[in-house]
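Single-structure report; data block below.
The values are calculated or read from the model by the stated rules, or taken from the named source; none is laboratory data. All values reported here derive from a predicted model rather than from experimental measurement. Positions of Cβ are generated from backbone atoms using ideal geometry, with glycine treated the same way; all protein chains shown enter the neighbour counts.
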């Protein structure tokens, strides 16, 4: 069964460093997302990506963050100059194609846990 | 903006029925989705209501009332493996993003 894969599963970094989280969405999906979940809290929308450009972004997704689809399969989230409060689980998701409105199921990866020290 | 509120925690016993509510404030949306998340795991899709009324999928049922700005997820014949967090989510009109609720942590007791 196709799945969304994410690497690394866990990354520890020093405050101020840059991290790149990687995702391989399901191959025939067209919409890609990054979400963040601080431990014990809700799943927060960061950004959506379609047709090789950002479709929507939240107020959380400021200049510290960027996304890229460098090739036909990978989808990356870059966090520059990390802060303590960036510590969270970051989920990549893709949406099944040929659906409209809110009907499409989101398929999530297993997440990348970021710990900023 | 959008906000979706859910009770933080619900406890029930094996074999019972439990209802988890979701109240929302949003200017317009396509439909209400429900996702399950086990500890340390990823959210997984459970159900979707585009229209008012009840949708049933096995032991899970989901309900939406747009006039009451309210929905719920109903789980029947509870099993220990149902212990997890449950999130409602909406897709605001004109967008393809999903906004998640605060989540309800369900504990199933033997």
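Residues checked against (1) in contact with a strand residue (DSSP E or B) (Cβ under 6 Å, 6 or more places away or on another chain); (2) at pLDDT 95 or above; (3) crowded, with 19+ Cβ neighbours inside 10 Å:
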{"position": "B:3", "(1), (2), (3)": "yes, no, no"}
{"position": "B:6", "(1), (2), (3)": "yes, yes, yes"}
{"position": "B:15", "(1), (2), (3)": "no, yes, no"}
{"position": "B:20", "(1), (2), (3)": "yes, yes, yes"}
{"position": "B:24", "(1), (2), (3)": "yes, no, yes"}
{"position": "B:28", "(1), (2), (3)": "no, no, no"}
{"position": "B:40", "(1), (2), (3)": "no, no, no"}
{"position": "B:50", "(1), (2), (3)": "yes, no, no"}
{"position": "B:62", "(1), (2), (3)": "yes, yes, yes"}
The lone exception for residue A:59 - which of (1) within 14 Å of another protein chain (Cβ to nearest Cβ); (2) assigned to a strand (DSSP E or B); (3) surrounded by fewer than 17 Cβ atoms within 10 Å (Cβ to Cβ) it fails: (2)
More than 18 Å from residue B:89 (Cβ to Cβ), over 13 Å from the mean Cα position of the chain (by Cα) and away from chain B (no Cβ under 14 Å) - does that describe any residue in the range A:28-40? yes
In the range B:42-65, which residues are within 13 Å of chain A (Cβ to nearest Cβ), touching a residue at least 12 places away in the same chain (Cβ under 8 Å) and not in a strand (DSSP E or B)? B:43, B:50, B:51
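Could you tell me whether the range A:74-84 includes any residue that is free of Cβ contacts under 8 Å to residues at least 24 places away in the same chain and either touching a helix residue (DSSP H, G or I) at 6+ places or on another chain (Cβ under 7 Å) or surrounded by fewer than 12 Cβ atoms within 10 Å (Cβ to Cβ) (or both)?
Looking for residues that are free of Cβ contacts under 8 Å to residues at least 24 places away in the same chain and either touching a helix residue (DSSP H, G or I) at 6+ places or on another chain (Cβ under 7 Å) or surrounded by fewer than 12 Cβ atoms within 10 Å (Cβ to Cβ) (or both), one finds none in the range A:74-84, hence no.
Listed residues A:78, A:83, A:57; which is within 13 Å of the chain's Cα centre (by Cα) and closer than 18 Å to residue A:115 by Cα? Before you say what the answer is, go through the steps one by one.
Details: A:83 fails: within 13 Å of the chain's Cα centre (by Cα); A:57 fails: closer than 18 Å to residue A:115 by Cα.
Answer to the selection: A:78.
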Check whether at least one residue in the range A:100-112 is in contact with a strand residue (DSSP E or B) (Cβ under 8 Å, 6 or more places away or on another chain) and more than 9 Å from every other protein chain (Cβ to nearest Cβ), and report yes or no. yes
